[in-house]
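Taking it in order: structure first as structure tokens, then the write-up.
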Amino acid sequence: MIRDARERFDALDNHARGVEDLRACGAILLWDQQLQMPRAGSSGRPRHLEAIRKARHERITDPVLGALLDDPTPLENEFAEGSDEAALVRVVRRQYERLTNIPMDFIARYSENASASAQAYRQALEEDDFSIVSPYLERTLENSREFASYFEGVEHVADPLIAEIDPGVTVGSLRPLFSELRARLVPLASAIREQTADAPALPWHENGDADAEAGLVREAAGHFGFDFERGRVDLSDSPFTIRFAADDVRFGCMFKAGDPGMALLSGMHESGHALYEQGVDKAYDGTLLGQGASDGIHESQARLWENIIGRGKPFWRFFYPRLQQTRPELAGMNVNEFVRAMNRVSASTIRTRADEVTYPLHIALRFELEVQLLEGKLAVDDLPEAWNTRMSEDLGIIPVSNGEGVLQDPHWYAFGFVGGSFQQYAIGSVLCAQFYDAALRAHPRIPAEIEAGEFSTLLGWLTENVYRPGAKFTADELVQRATGSEMSVDSLVEYLQQKYSAL
Ligand code: ZN
């Protein structure tokens, strides 16, 4: 049956909306599991999630979709370049072709190993014993290579894994990025470390009040422009952002007794992810264009609101009195001292506690080790030692335990793959500065406005240039359109130099 292009497109759009609806149903189950479900509910929940995952997989790999895409001509060719139709067909094709590559029996083996490994990981962390999880990591590594083997014409075994969340990014494009980051940030970090060595320590009392912290997060998110009519914020065991629909975006911030400031910083980070989701053009709601362009772009927005705004002096000139009200221990510290203290650069063994200067070095280390593992140049048993050697070379510090070293991030142990899940953080670090720089060029008064508690010019620029297009453009296209150039480390280095010279 030959149908005209418009009919084919409408059928494809309709089919793909079903895929997106199933994703949203799964997301609701996950949100409930994270925040509401009684502990014993975990006996039934995996079954429900599996049912949805299967239904979604069947729908996206349905041969009907293949026919709509290509019979009798590639459907994107029927629409103008740059149109929403061509963009949607591109995104649907990508998902269809990737998932039809993967045999069902692999997915079953992958899931089984991922949950067994996640369990072993928890025990390995408790006992600070890498050998408990290393046999699972061997299998994860084999699975990762097998996954890559289902894709033809790839240059590096890690490329298909990276493409899962950052389409268009490859080992070939990341290697020069990471070597430039290291070349420019290692000397900068040691210079700034000396310069901030006399910064006062934050006089936090050990425990804050969880509800008060959550209240502050809601307040800050509200100032940034998060719309509470179209979303909600909760305290949770681990931070997350989740979208059910354009008008229902939720995030969780983590309160940890003994880790003061965590809720606020993680809350501002998730605010960035959530503002992105709320800012996507509502016309894309329910379609595969109604999401961010890539994980790297998403992370750039989280890091922009958490670091450039949330650790910046203009924001604290506005917000510090509110923090002092909930944290009486800050009464004797003025805002300049506070900002200097919270931006002190010191080598930390833990990625999530790293300052803005050394953070990308933590990511470079993970990227290089996972590439070596995938290439077979590093054995799993030698991983902890390789980790510590690199930490000492790049950051001048050696972790005192595996929990503070090779075991600190769940990615390799609990998510089922080695490779592809760390580059987003480095891309995000680089791009947050590049986007902010472009926003400042368009509106130089943004810092003065923020100091007065006014965030709408910044949010407006980001919405127009980054959020509204959703997944319509590739990450590279989006960066080029929004900033006028391709991704570059320059803005990040200049931002860090300026920030620290003014502290
Ligand atoms: Zn994030």
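Since every read-out is calculated from the coordinates, none of them should be taken as a lab result. The shown structure was predicted, so the numbers you read here are calculated from the model rather than taken from an experiment. Glycine gets a Cβ as well: all are built from the backbone with ideal geometry, and neighbour counts include every protein chain shown.
Centre-to-centre separation between the Cα atoms of the range 92-113 and those of the range 435-467: 41 Å. Number of Lys-Lys pairs in the chain with C-alpha atoms under 27 Å apart and a separation of 8 or more places or on different chains: 4. Per-residue 3J(HN,Hα) values for the range 243-252, derived from phi via the Karplus relation 6.51 cos²θ - 1.76 cosθ + 1.60 with θ = phi - 60°, read 10, 8, 7, 4, 9, 8, 10, 10, 9, x Hz in sequence order (x marks Gly and Pro). For Cys25, Cys432, the sequence from fewest to most other C-beta atoms within 10 Å is Cys25, Cys432. Pairwise Cα distances in the chain exceed 36 Å in 32 percent of cases. How big is the gap, in Å, between the Cα center of the range 167-245 and the Cα center of the range 1-77? Here the answer is 32 Å between Cα centres.
When each of Val169, Val64, Val154, Val91 is scored by the number of other beta-carbon atoms lying within 10 Å, the sequence from fewest to most is Val64, Val154, Val91, Val169.
If each Cα of the range 242-337 is one equal point scatterer, what is log10 of I(q)/I(0) from the Debye formula at q = 0.15, 0.16, 0.19, 0.21 Å⁻¹? Summing over Cα pairs of the range 242-337 leads to -0.69, -0.75, -0.94, -1.06. Binning the alpha carbon pair distances of the range 99-197 at 10 angstrom intervals from zero yields the distribution 13, 28, 26, 25, 7, 1, expressed in whole percent. Counting charges near Ala433 (Lys, Arg +1; Asp, Glu -1) among other residues having Cβ under 11 Å from its Cβ returns a value of -2. Here the Karplus curve 6.51 cos²θ - 1.76 cosθ + 1.60, taken at θ = phi - 60°, turns the phi angles of the range 379-390 into couplings of 7, 3, 5, 8, 4, x, 5, 4, 4, 5, 4, 5 Hz, with x standing for Gly and Pro.
Each part reduced to its alpha carbon centroid, the range 277-301 and the range 350-398 end up 31 Å apart. Under the convention that each Lys and Arg Cβ holds +1 and each Asp and Glu Cβ holds -1, the size of the dipole of the range 339-454 around its Cα centre is about 260 debye. Per-residue ellipticity at 222 nm from helix content only, as computed over the chain with -39500 (n - 2.57) for each DSSP H run of at least four residues, stands at -19000 deg cm²/dmol.
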